[in-house]
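The values are calculated or read from the model by the stated rules, or taken from the named source; none is laboratory data. Here the structure is a predicted model, which means the values were calculated and not measured. Cβ placement follows ideal geometry from the backbone for every residue including glycine, while neighbour counts extend to all protein chains displayed.
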Amino acid sequence: MQVQRIELTGFRNYGNLDIRVYPGVNVFYGDNAQGKTNILESIYMCACARSHRTSRDADIIRHSDDFYSIKLTFANQTQDEELVVSFQDADAKIPERARALRTVMHNGMRLPRVADMMGLFHAVIFAPEDLMLVKEGPASRRRYLDLLLSQIRPAYFNDLQTYTRALSQRNALLKRIRETRADAGGDPELEIWDETMAAAGARLIHARLAVSARVAEIASREHARISSDTERLVIRYRTVAGVKEGDTLHDIVGKFRQRLRQSARDDAEKGQTSQGPHRDDLDLGLDGEGLRPFASQGQQRSAVLALKLAELQVLEEETGEPPVLLLDDVMSELDARRRNALVEGMGSAQVFVTCTDAAHVGGDMEELAARQKGMHYFHVERGQVAEDPAGLL
Amino acid sequence: MARYAPTIARLVSELERLPGVGGKTAQRLAFHILGLPVEKAEALANAILDARHSTMLCTTCCNLTDTDPCEICSSASRDRSILCVVESPRDVAAMERIREYHGLYHVLHGAINPMQGIGPDRIRVKELLSRLRTTEDTVTEVVLATNPTVEGEATAMYIARLLKPAGIRTTRIAHGLPVGGDLEYADEVTLSKAMEGRREI
């Protein structure tokens, strides 16, 4: 994947931006809060349909605008492609616009669903937010798996939407059962939602188990190279009790359905569904100890980097070409050993880097730049991007 | 709106309540109507009133009709052994356009949707069951043609389970590729559903 041109309208602090970028390494440098990360964010949104920083699209629109649009021109192995992702905020004063409108255009054709853009463009982002993977709750790790799988298998995203919808419906019904003090055990309407959730949920679990095994293998290998310690990184997908790796889809449907049935009364009491892929976790451990409570800053960084490198490799294996790499101010956070591991892991991918000091990155990535098709510098200042042929060097 | 005479303002605001019609469109429609000859405007008003006054739900299939039982239910040429269950009257119209289906219908007027407080009791499932139980029609197959949405699928599943003890053959319409289209332009979800639903030829 190779991005050729980025056009932004009303996106974050960009009123209008139109830049051409290069194969190899593209460095965006400048002071903080000038709009460097926004460029990486816009590229990432073309891969995953959502931002790595916020789930609220309205936050992304520039203050003086009421919509944003990202137009990305890129080449994959066979042809040039164009993707336009735009979002028009809801406006209560205008009836036609009572609802927010999200549109995705692929090569000039409007896609019927946002989900249809999944898999057209691939990118992996390394950002300070990645540390949430080890520091925060299971949601961030489920999101990691969901975003990876959505890029590999477009149907996964649809299963995820179906599951989420069925879950909301089941929860709404549970609350109603609780209010009417009815018996949830054997409720025929509840069983329908159990069935719907089991079918969609099992597909999520099945896909996550498979990709987690692959991630575990690669991340563990990468971790051994990065970490100066001798600890081994152990990763395991933890899901509905009784479901294990190697189960067929059919097995998982059966087991999950049974769990939902068994917990019907408890769930009704709580008014929500206690088990399922929406509660699952990707367990991270060092030599069998859980990672979070005891890990040092360095251990956490190593684990996160190993996970991200695994994401990169799985994506490349599955799609047959390197995804675009987005490095948001991460080089300065890493020590030499981890930086080397990262640069090695990049292979021949096109890279976008942000930093405050261009000279610094130049040094870090010299080897990479030499291996690839050169480095190109862009100076970012208050929403203006200027290509700087010489760099500030 | 203060700049219009009250009667005009009333017309505009009534039109604005229609689905898909915003303020601008409502004004355009209102002035179009005001520009019509009186007879034409009366014809429009009467068409609305007549349609509203004379339509009701068919007591057999729950479709919107102006005769009870409706034309389809009372037709002698329909196949009374097969019954197609749909969510809305518009779906009946869509099925009728294919001119291939000559069986009967049942309109549910919605799908099960707990988030909107719509349980099976709020759509016309009861009517379907009592119809199957009491009718002299000999229905041997029920085709579930609810929408391929999460709620539509759940509704189909719910009805299928209710019908199981009665021993009536229950089928679900297929998901798949649009005919005459190119495989490469099909979206991934539809394509994978089509793959799942493959059959021997």
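Could you list, in sequence order, the residues of segment B:161-176 that are surrounded by 14 or more Cβ atoms within 10 Å (Cβ to Cβ), within 14 Å of chain A (Cβ to nearest Cβ) and over 30 Å from residue B:76 (Cβ atoms)? Listed by number, the residues that qualify are B:161, B:175.
From the list A:73, A:37, the lone residue that is of a type in the set (Ser, Thr, Tyr) and part of a helix (DSSP H, G or I) is A:37. Evaluation of residue A:207 against the conditions (1) within 14 Å of chain B (Cβ to nearest Cβ); (2) farther than 30 Å from residue A:341 by Cα; (3) outside any loop (DSSP other than H, G, I, E, B) shows that the sole unmet condition is (2).
Restricting to segment B:192-201, and then to whatever is under 16 Å from residue B:149 (Cα atoms) and not basic (Lys, Arg), can you tell me which residue is farthest from the other protein chains (Cβ to nearest Cβ)?
B:194
Residues in segment A:223-263 that are under 18 Å from residue A:308 (Cα atoms) and either touching a Ser or Thr at 6+ places or on another chain (Cβ under 8 Å) or of a type in the set (D, E, K, R) (or both): A:223, A:225, A:226, A:227, A:232, A:233, A:234, A:235, A:236, A:237.
Looking at the structure I just gave you, is residue A:364 at pLDDT 85 or above and touching a helix residue (DSSP H, G or I) at 6+ places or on another chain (Cβ under 7 Å)? It is false that residue A:364 is at pLDDT 85 or above and touching a helix residue (DSSP H, G or I) at 6+ places or on another chain (Cβ under 7 Å). The sole residue among B:121, B:182, B:187, B:91 that is touching a residue at least 40 places away in the same chain (Cβ under 8 Å) and either under 30 Å from residue A:159 (Cα atoms) or within 14 Å of chain A (Cβ to nearest Cβ) (or both) is B:91.
Looking only at helices (runs of 4 or more DSSP H) that lie completely in segment A:81-197, which have at least 2 residues being under 23 Å from residue A:236 (Cα atoms), of a type in the set (Ser, Thr, Tyr) and within 11 Å of another protein chain (Cβ to nearest Cβ)? Show your work before the answer.
Values: elements: A:132-135, A:138-152, A:154-180.
By residue number, A:154-180.
Within the option set B:54, B:75, B:81, being free of Cβ contacts under 8 Å to residues at least 24 places away in the same chain, over 30 Å from residue B:15 (Cβ atoms) and more than 14 Å from chain A (Cβ to nearest Cβ) holds for one residue only, B:75.
Among the residues of segment B:105-120, are any touching a Pro at 6+ places or on another chain (Cβ under 9 Å) and assigned to a loop (DSSP other than H, G, I, E, B)? The answer is yes, given that some residue of segment B:105-120 is touching a Pro at 6+ places or on another chain (Cβ under 9 Å) and assigned to a loop (DSSP other than H, G, I, E, B). Does residue B:144 satisfy being surrounded by 16 or more Cβ atoms within 10 Å (Cβ to Cβ), touching a strand residue (DSSP E or B) at 6+ places or on another chain (Cβ under 6 Å) and either more than 28 Å from residue A:177 (Cβ to Cβ) or more than 14 Å from chain A (Cβ to nearest Cβ) (or both)? It is false that residue B:144 is surrounded by 16 or more Cβ atoms within 10 Å (Cβ to Cβ), touching a strand residue (DSSP E or B) at 6+ places or on another chain (Cβ under 6 Å) and either more than 28 Å from residue A:177 (Cβ to Cβ) or more than 14 Å from chain A (Cβ to nearest Cβ) (or both). Report, by residue number, each residue of segment B:70-123 that is of a type in the set (D, E, K, R) and under 30 Å from residue A:170 (Cβ atoms). Across segment B:70-123, the qualifying residues are B:87, B:90, B:91, B:121, B:122. Can residue B:48 be described as surrounded by fewer than 12 Cβ atoms within 10 Å (Cβ to Cβ) and either modelled with pLDDT of 90 or more or not in a loop (DSSP other than H, G, I, E, B) (or both)? Judged against the criteria, residue B:48 is a match.
For segment A:118-144, which residues satisfy the criterion of being within 25 Å of residue A:103 (Cα to Cα) and either buried (at least 23 other Cβ atoms within 10 Å of the Cβ) or hydroxyl-bearing (Ser, Thr, Tyr) (or both)? Correct list: A:118, A:121, A:122, A:123, A:124, A:125, A:144. Among the residues of segment B:50-99, the ones that are more than 23 Å from residue B:140 (Cβ to Cβ) and among the basic types (Lys, Arg) come to 3 in all. Residue under question is residue A:53, and the condition is that it be within 26 Å of residue A:149 (Cα to Cα), among the basic types (Lys, Arg) and surrounded by fewer than 21 Cβ atoms within 10 Å (Cβ to Cβ); does it hold? In short, yes.
For residues that are closer than 18 Å to residue A:97 by Cα and either part of a helix (DSSP H, G or I) or over 32 Å from the mean Cα position of the chain (by Cα) (or both), tally how many sit in segment B:2-27. Lay out the reasoning, then the answer.
Kept after step one, since they are closer than 18 Å to residue A:97 by Cα, are these residues of segment B:2-27: B:13, B:15-27.
So of that shortlist, the ones also either part of a helix (DSSP H, G or I) or over 32 Å from the mean Cα position of the chain (by Cα) (or both) come out as B:13, B:15-16, B:23-27.
Counting residues in segment B:2-27 that are closer than 18 Å to residue A:97 by Cα and either part of a helix (DSSP H, G or I) or over 32 Å from the mean Cα position of the chain (by Cα) (or both) gives 8.
If the Cβ limit is 6 Å and pairs must be 6+ apart or interchain, which residue in segment A:153-176 that is at pLDDT below 90 pairs with which residue that is assigned to a loop (DSSP other than H, G, I, E, B)? Sorted first by the residue in segment A:153-176, then by its partner, the pairs are A:154/A:118; A:154/A:119; A:157/A:118.
For residue A:304, state whether it is farther than 16 Å from residue A:224 by Cα, surrounded by 15 or more Cβ atoms within 10 Å (Cβ to Cβ) and either under 23 Å from the mean Cα position of the chain (by Cα) or of a type in the set (Ser, Thr, Tyr) (or both). Show your work before the answer.
Values: farther than 16 Å from residue A:224 by Cα: no; surrounded by 15 or more Cβ atoms within 10 Å (Cβ to Cβ): yes; either under 23 Å from the mean Cα position of the chain (by Cα) or of a type in the set (Ser, Thr, Tyr) (or both): yes.
When the stated conditions are applied, residue A:304 does not pass them.
Surrounded by 11 or more Cβ atoms within 10 Å (Cβ to Cβ) and more than 14 Å from every other protein chain (Cβ to nearest Cβ): is that true of residue B:43 in this structure? In short, yes. For residue A:150, the conditions (1) crowded, with 20+ Cβ neighbours inside 10 Å; (2) assigned by TED's automatic domain parsing to the domain that holds residue A:334; (3) over 21 Å from residue A:18 (Cβ atoms) all hold with the exception of (2).
If you take the residues of segment B:54-103 that are among the polar types (S, T, N, Q) and part of a helix (DSSP H, G or I), which of them is surrounded by the most Cβ atoms within 10 Å (Cβ to Cβ)? Per the criteria, the residue is B:74.
For segment A:174-188, which residues satisfy the criterion of being of a type outside the set (Lys, Arg) and either under 9 Å from residue A:272 (Cα atoms) or touching a Ser or Thr at 6+ places or on another chain (Cβ under 7 Å) (or both)?
Kept after step one, since they are of a type outside the set (Lys, Arg), are these residues of segment A:174-188: A:174, A:177, A:179-180, A:182-188.
Result: A:174, single match.
Out of all the residues in segment A:60-82, is one or more more than 21 Å from residue A:377 (Cβ to Cβ), touching a helix residue (DSSP H, G or I) at 6+ places or on another chain (Cβ under 6 Å), of a type outside the set (Lys, Arg) and at pLDDT 90 or above?
Step one: of segment A:60-82, the residues more than 21 Å from residue A:377 (Cβ to Cβ) are A:60-71, A:75-82.
When the remaining residues are screened for being touching a helix residue (DSSP H, G or I) at 6+ places or on another chain (Cβ under 6 Å), the result is A:68, A:70.
Restricting the remaining residues to those that are of a type outside the set (Lys, Arg) gives A:68, A:70.
Going one step further and asking which of them are at pLDDT 90 or above, we end up with A:68, A:70.
Checked segment A:60-82: at least one residue is more than 21 Å from residue A:377 (Cβ to Cβ), touching a helix residue (DSSP H, G or I) at 6+ places or on another chain (Cβ under 6 Å), of a type outside the set (Lys, Arg) and at pLDDT 90 or above.
Based on this model, can you work out whether residue A:266 counts as in contact with a Ser or Thr (Cβ under 8 Å, 6 or more places away or on another chain), surrounded by fewer than 23 Cβ atoms within 10 Å (Cβ to Cβ) and either part of a helix (DSSP H, G or I) or in contact (Cβ under 8 Å) with a residue 60 or more places away in the chain (or both)? Here the answer is yes, as residue A:266 does meet what is asked. Scanning segment A:210-229 for residues that are assigned to a helix (DSSP H, G or I) and more than 20 Å from residue A:346 (Cβ to Cβ) returns A:210, A:211, A:212, A:213, A:216.
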